[in-house]
Amino acid sequence: MNTTIAYHNLRAEMSRQKIGLREMSRILNINRDTLSRRLSKRTPLSLDDAMKIQEKFFPDHSLQYLFDYE
């Protein structure tokens with residue numbers, strides 16, 4: 001599945017820290033493809049999942065920064 005992460009800052013931070021969708025999906029306890037659909041905004045990303053991503057992988061960044069897509 002080709003993933004285009006809609007959240008540019010999240011994508012940049014994932015790249016900087018070499019964090020992949022597989023690792024992130026394990027923390028969220030969801031399938032990698034499900035996470036891919038959520039991060040590309042094809043299906044909704046819950047606030048709970050966004051908070052888990054921020055707390056586990058990017059505690060030094062705010063939710064607003066990570067999930068700003070404009």
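Do we have any residue at all in the range 37-44 that's under 11 Å from the mean Cα position of the chain (by Cα) and more than 18 Å from T4 (Cβ to Cβ)?
No, the range 37-44 contains no residue that is under 11 Å from the mean Cα position of the chain (by Cα) and more than 18 Å from T4 (Cβ to Cβ).
Which residue pairs have Cβ atoms under 7 Å apart, sit 6 or more places apart or on different chains, and have a first residue in the range 27-48 that is among the hydroxyl-bearing types (S, T, Y) and a second that is part of a helix (DSSP H, G or I) and open to solvent by 60 Å² or more (accessible area, probe 1.4 Å)?
So the pair list comes out as T43/R37.
What are the residues in the range 58-70 that are free of Cβ contacts under 8 Å to residues at least 60 places away in the same chain and either outside any helix (DSSP H, G or I) or open to solvent by 20 Å² or more (accessible area, probe 1.4 Å) (or both), if any?
F58, P59, D60, H61, S62, L63, Q64, Y65, E70
From (1) farther than 16 Å from I5 by Cα; (2) surrounded by 15 or more Cβ atoms within 10 Å (Cβ to Cβ); (3) modelled with pLDDT of 95 or more, pick out the condition that doesn't hold for Q54.
Unmet condition: (1).
Of all residues being surrounded by 18 or more Cβ atoms within 10 Å (Cβ to Cβ) and of a type outside the set (G, A, S) in the range 31-44, which is farthest from D68 (Cα to Cα)? Just the residue, please.
For the range 31-44, the residue satisfying everything is L35.
Do we have any residue at all in the range 2-9 that's at pLDDT 95 or above, open to solvent by less than 50 Å² (accessible area, probe 1.4 Å) and of a type outside the set (F, W, Y)?
For the range 2-9, residues at pLDDT 95 or above, open to solvent by less than 50 Å² (accessible area, probe 1.4 Å) and of a type outside the set (F, W, Y): present.
The values are calculated or read from the model by the stated rules, or taken from the named source; none is laboratory data. Since this is a predicted model, take the numbers as computed values, not measurements. Note that each Cβ is placed from the backbone with ideal geometry, even for glycine, and that neighbours are counted across all protein chains shown. Please note that ligands, DNA and RNA were not included when accessible areas were found on the heavy atoms of the full protein model with its side chains. Shrake-Rupley method; radii C 1.70, N 1.55, O 1.52, S 1.80 Å.
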